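The values are calculated or read from the model by the stated rules, or taken from the named source; none is laboratory data. Here the structure is a predicted model, which means the values were calculated and not measured. Virtual Cβ from ideal backbone geometry, glycine too; neighbours counted across all protein chains shown.
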Amino acid sequence: MAVKTITIDLEAYEILSRCKRKGESFSQTIKHRLGHRVTGEDLRAAVARTRLSERTLDTIDSQVNARRSSPARRIKL
């Protein structure tokens, strides 16, 4: 595997060090934190994997409707 050497300042090093998990290399930390871009397809797949009960869905609907009718949340044009 090819490698590149980079230079970062001490503040960046400390931030990267705090993000690093035990046993993880700095390269793995960078890939984990910055390497994957979440896409709409990722969201679609996550929603497809989600299983919610009817009760939970009803509760969500109730909360959305309550917020929709709240005068504090309504924008007056």
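Set side by side, the residues 7, 39, 56, 50 differ, and just one is at pLDDT 95 or above, β-branched (Val, Ile, Thr) and either surrounded by fewer than 12 Cβ atoms within 10 Å (Cβ to Cβ) or touching a His at 6+ places or on another chain (Cβ under 8 Å) (or both), which is 7. Looking only at segment 22-65, residues that are of a type outside the set (A, V, I, L, M, F, W, C) and in contact with a helix residue (DSSP H, G or I) (Cβ under 7 Å, 6 or more places away or on another chain) come to 2 in all.
Which pairs turn up if I take residues in segment 22-49 that are on the phi < 0 side of the Ramachandran plot and look for partners that are surrounded by 10 or more Cβ atoms within 10 Å (Cβ to Cβ) with beta carbon separation below 7 Å, at least 6 apart in sequence or on another chain? The qualifying pairs are 26/16; 26/20; 29/16; 29/19; 29/20; 33/19.
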